[in-house]
Amino acid sequence: MHYDAEVKLSKQSLMEIQKLLNEENDWTTGAMDEALSQILLRFKLHDHEAWKWRFEDTFYVDADTALKVSLIVLIVVAIISTELWSVVCWFVQFRRMFAVCFFISLIWNWFHLYMVIILVLLTVQDCLAKAVLNR
């Protein structure tokens, strides 16, 4: 069986434990007992699903969205780096790549701001509806 334990360790209780462990001749366990009794807060069975790694928890974006954005960036890089454009120097290619990425980021940021505004408006609308219903 696997268990999850939530512990809270203060500096005072840590000092008491270290003091007891460092001093071999002083075996008064009252302070140690008090320190240990305050450490354990919650003790429950281990939930394997809660500890499973998820892409969204690490990168704060869906895996599908990250894949689509990566594909778009790869297409843009492929278009800029094709044979037709490779006859110019690398600095001109870099400027073109920067310009394309800049315009894509502008569109992306406007879309993000639009989503945030819609979310705020929906939240305000829900709050107003709840306030009207509570009257």
Cα pair distances exceeding 18 angstrom across the chain, given as percent: 79
Simple Cβ-charge dipole of the chain, Lys/Arg +1 and Asp/Glu -1, about Cα centre, in debye nearest 20: 940
Pair V88, H46: separation of 7 Å Cα→Cβ label points (nm): 5.8
Options I72, V100, L121, ranked by Cα towards positive dipole end of the chain, top entry (Cβ charges): V100
Difference of contour (0.36 nm per residue) and Cα-Cα distance, N134 to V116: 3.8 nm
Hull volume in cubic angstrom per residue (convex hull over the Cα atoms of segment 59-134): 103
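Any read-out appearing in this document is the output of simple, stated calculations on the displayed coordinates, not a laboratory observation. Source: prediction; values computed, not measured. Cβ coordinates were reconstructed from backbone atoms using ideal geometry, including for glycine residues, and neighbour counts include every protein chain displayed.
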